[in-house]
Amino acid sequence: MACSIIGSRIDYCNSLFYRMTDRNLNKLQRVKNRAARIVCGTGSRKTSSSQQLHHLHWLLVRSRIQFKLSTSCFRSRTLNQPQYLSDTLHSYQPTHLLRSSTQDLLTVPRKTVLGGRRFSIAAPRVWNSLPQELQNCETLVTYKKHLKTHLFLQDII
C-alpha cells in the first residue's frame, strides 16, 4: 500500500521534477527511503536505505525521473503515442556530415528561462544522454529492462 501511494505521488508529473534543486530532490528521496524501511519492516535508521532500495529494485528519485522521461520519449518516438508528445520531438539533422549523423539523436530546442523543464526540452536531453544500445531497442519491454539496469548501475557508482 505504501509503495503505490508514495510511488504514484512521486511519479505524478515527475518530468516537472527534472533539474529540480538537490535540496528538494533530497526531501523526496528521504520520503522514498522511509517508505523502503516501512516495506522492508526495518523502522530504524541504522539500516542503510540504499541497500533496501536495491533489495526492492527501486531507483533513486533522480533516476526514476530519468526513467519516466526516457520511457515517455521512447513511446513517443516508436509508437507515436501520445500524438501530442511525439509532435514535440524532432530528429537531429546536422547541416554537415558528422559522426552524430548516424546516431538517433533528438534536437534540443532553445529554452526560455522558465521552459527548461518542459517535455520538449527535458526529454531530448535525457534521450541524447543515453547509450546508443538503449536508443536502438526494438520493444518497450526490452527498453525498460535495459534502461533500469543502466540507471541502477549509475546509482551504485
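Coordinate-derived values only; no laboratory data. Small disclaimer: the values here were computed from a predicted structure and weren't measured. Heads up, the Cβs are rebuilt from the backbone with ideal geometry, glycines too, and the neighbour counts pull from every protein chain shown.
Between the residues Leu69, Ser49, Ile121, the greatest Cα displacement towards the positive end of the dipole of the chain, with unit charges on the Cβ of Lys, Arg, Asp and Glu, is found for Ser49. Annotation: extensible slack from Gln81 through Thr142 equals 20.2 nm (criterion: 0.36 nm per residue apart, minus Cα-Cα distance).
Simple point charges give the picture: +1 on the Cβ of Lys and Arg, -1 on the Cβ of Asp and Glu, and for the chain a dipole about the Cα centre of about 760 debye.
With each label modelled as a point 7 angstrom along the Cα→C-beta vector, the Thr107-Thr88 pair spans 1.6 nm. Computed from label points 7 Å out along Cα-Cβ, the spacing between Ser8 and Leu153 is 3.4 nm. When P(r) over Cα pairs in 5 Å bins from 0, in percent is calculated for this entry, the matching label among [x] 1, 8, 16, 19, 19, 15, 10, 6, 3, 2, 1, 0; [y] 2, 9, 14, 13, 10, 8, 8, 8, 8, 7, 6, 4, 2, 1, 0; [z] 2, 11, 20, 25, 20, 12, 7, 4, 1, 0 is [x]. Total lysine pairs in the chain at Cα distances under 29 Å, for residues eight or more apart or on different chains: 18. With the helix formula -39500 (n - 2.57) applied to DSSP H stretches of n ≥ 4, the chain reaches a computed 222 nm mean residue ellipticity of -17500 deg cm²/dmol.
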